[in-house]
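Please read the structure below before turning to the comments.
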């Protein structure tokens, strides 16, 4: 059996956009604006679903961006948060972003995590999650965000992970609505197409 | 910014092991034995944590194997189930393994899913999950399986996903214990090493 290689490569426009962006993003709104723009550009370039994410260090320096790549990669695990986490770990050269609790990093996401990304966060070694739109904003356009703990924020807090919600929520949710309006595919499985 | 490519390639021994295995695995115990052997070989070859998985079609034909690759890949999302799902989707050429509900596929896992893999399953398009060891068997050797719904089996049932537990549980759990006994790394993040 020849087992294929899985190669995950962000589209070229992401590197170009990163190059045009500041080296340091001073406030959390600036960082959220950056990931919301990733989600918007991902629609415009038709390179995936309406979600963006990024890992930043404690000073606001971008470590790794992430975009949703489910459709073009034919891979359901490539949500924006997963891509950002995997890329940050690749760049830092360790599976624990915190390096044994020595460093604090934030994961920014344009929408609150689905059940999978929620479960991935404690494994990743990030210290804090910062979210734009709410899960209900994703559900409003048809995405099934999966079976997640109702008290997911306190479950992360129990593991020392902070959560900040509703940062630029309206702006982030507007991208979701635009995706729906332009006929973007809602890629829940099992749906007859 | 030069963004690295993430390349996920199963080690060579996996393809060799698959080639030595039957084309069709008639019963669910045979399929579980196959994935348990993946988990054991993964320890022996020192190519990752003590977990194996695979996607099988409804006839028991192997679609894609998966092993835990967290440590060698420096990537916390590469649990065995995630690798098997992503590889099956690559091989089938679609992000919805069921192809719009037309086909049934099973995900076999040597241990019940952690919070991340649990959340990944509904997105994947598999119809059924078959587990060997229990989550508590993984916790017993120190893995933090994450914040997962207590009623996770009924949450999957609500989405039309069946779960079969405890298939060769003792045999699967023995691999976990052997990993601990041989000093295998428990890669929860934030741990001082």
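The values are calculated or read from the model by the stated rules, or taken from the named source; none is laboratory data. This one's a predicted model, so the numbers in the text were calculated from it and none came from an experiment. Using ideal geometry, Cβ is built from the backbone for each residue, glycine included, and neighbour counts are taken over all protein chains shown.
Can you pull out every residue in segment A:32-46 that is out of contact with any strand residue (DSSP E or B) (no Cβ under 7 Å at 6 or more places or on another chain) and either under 21 Å from residue A:163 (Cα atoms) or surrounded by 13 or more Cβ atoms within 10 Å (Cβ to Cβ) (or both)?
Passing the criteria: A:33, A:37, A:40, A:41, A:43, A:45.
Only one of these conditions is not met by residue A:29: (1) surrounded by fewer than 19 Cβ atoms within 10 Å (Cβ to Cβ); (2) assigned to a loop (DSSP other than H, G, I, E, B). Which number is it?
It fails just one condition, (2).
Identify, from the list B:165, B:134, B:159, the residue that is touching a residue at least 12 places away in the same chain (Cβ under 8 Å), at the interface with chain A (Cβ under 10 Å from one of its Cβ atoms) and over 19 Å from residue A:125 (Cα atoms).
B:159
Hey, does segment B:176-189 have a residue that's touching a strand residue (DSSP E or B) at 6+ places or on another chain (Cβ under 8 Å), over 20 Å from residue B:66 (Cα atoms) and part of a helix (DSSP H, G or I)? Outline the logic, then answer.
Taking segment B:176-189 as the starting set, the residues that turn out to be touching a strand residue (DSSP E or B) at 6+ places or on another chain (Cβ under 8 Å) are B:176.
Then drop every residue that is not over 20 Å from residue B:66 (Cα atoms), which leaves none.
Looking for residues that are touching a strand residue (DSSP E or B) at 6+ places or on another chain (Cβ under 8 Å), over 20 Å from residue B:66 (Cα atoms) and part of a helix (DSSP H, G or I), one finds none in segment B:176-189, hence no.
In contact (Cβ under 8 Å) with a residue 12 or more places away in the chain and either in contact with a strand residue (DSSP E or B) (Cβ under 7 Å, 6 or more places away or on another chain) or over 30 Å from residue A:98 (Cα atoms) (or both): is that true of residue B:149 in this structure? Quick ask: steps written out before the conclusion?
Details: in contact (Cβ under 8 Å) with a residue 12 or more places away in the chain: yes; either in contact with a strand residue (DSSP E or B) (Cβ under 7 Å, 6 or more places away or on another chain) or over 30 Å from residue A:98 (Cα atoms) (or both): no.
Here the answer is no, as residue B:149 does not meet what is asked.
Checking residue A:144 against (1) more than 30 Å from residue B:103 (Cβ to Cβ); (2) surrounded by fewer than 20 Cβ atoms within 10 Å (Cβ to Cβ); (3) within 13 Å of chain B (Cβ to nearest Cβ), which single condition isn't satisfied?
Residue A:144 satisfies every listed condition except (1).
Answer yes or no: is there a residue in segment B:85-101 that is within 18 Å of residue B:114 (Cβ to Cβ) and under 17 Å from the mean Cα position of the chain (by Cα).
Looking for residues that are within 18 Å of residue B:114 (Cβ to Cβ) and under 17 Å from the mean Cα position of the chain (by Cα), one finds at least one in segment B:85-101, hence yes.
In segment B:124-146, which residues are under 25 Å from residue A:187 (Cβ atoms) and in a loop (DSSP other than H, G, I, E, B)?
B:125, B:126, B:127, B:146
Can we say residue B:62 is part of a loop (DSSP other than H, G, I, E, B) and within 10 Å of chain A (Cβ to nearest Cβ)?
Details: part of a loop (DSSP other than H, G, I, E, B): no; within 10 Å of chain A (Cβ to nearest Cβ): yes.
Considered against the rule, which asks whether it is part of a loop (DSSP other than H, G, I, E, B) and within 10 Å of chain A (Cβ to nearest Cβ), residue B:62 comes out as no.
Give me a count of the residues in segment A:69-82 that are out of contact with any strand residue (DSSP E or B) (no Cβ under 8 Å at 6 or more places or on another chain), facing chain B (nearest Cβ under 7 Å) and in a helix (DSSP H, G or I).
2
Can you pull out every residue in segment B:117-131 that is within 7 Å of another protein chain (Cβ to nearest Cβ) and either surrounded by fewer than 22 Cβ atoms within 10 Å (Cβ to Cβ) or farther than 25 Å from residue A:81 by Cβ (or both)?
Residues satisfying the conditions do not exist here.
Would you confirm, using the coordinates I've provided, whether residue A:87 is farther than 14 Å from residue A:130 by Cα, crowded, with 24+ Cβ neighbours inside 10 Å, modelled with pLDDT of 95 or more and touching a helix residue (DSSP H, G or I) at 6+ places or on another chain (Cβ under 6 Å)?
Values: farther than 14 Å from residue A:130 by Cα: yes; crowded, with 24+ Cβ neighbours inside 10 Å: yes; modelled with pLDDT of 95 or more: yes; touching a helix residue (DSSP H, G or I) at 6+ places or on another chain (Cβ under 6 Å): no.
For residue A:87, the condition - farther than 14 Å from residue A:130 by Cα, crowded, with 24+ Cβ neighbours inside 10 Å, modelled with pLDDT of 95 or more and touching a helix residue (DSSP H, G or I) at 6+ places or on another chain (Cβ under 6 Å) - is not met.
Could you list, in sequence order, all residues of segment B:83-116 that are part of a helix (DSSP H, G or I) and either more than 19 Å from residue A:122 (Cβ to Cβ) or more than 7 Å from every other protein chain (Cβ to nearest Cβ) (or both)?
B:83, B:84, B:85, B:86, B:87, B:88, B:89, B:90, B:91, B:92
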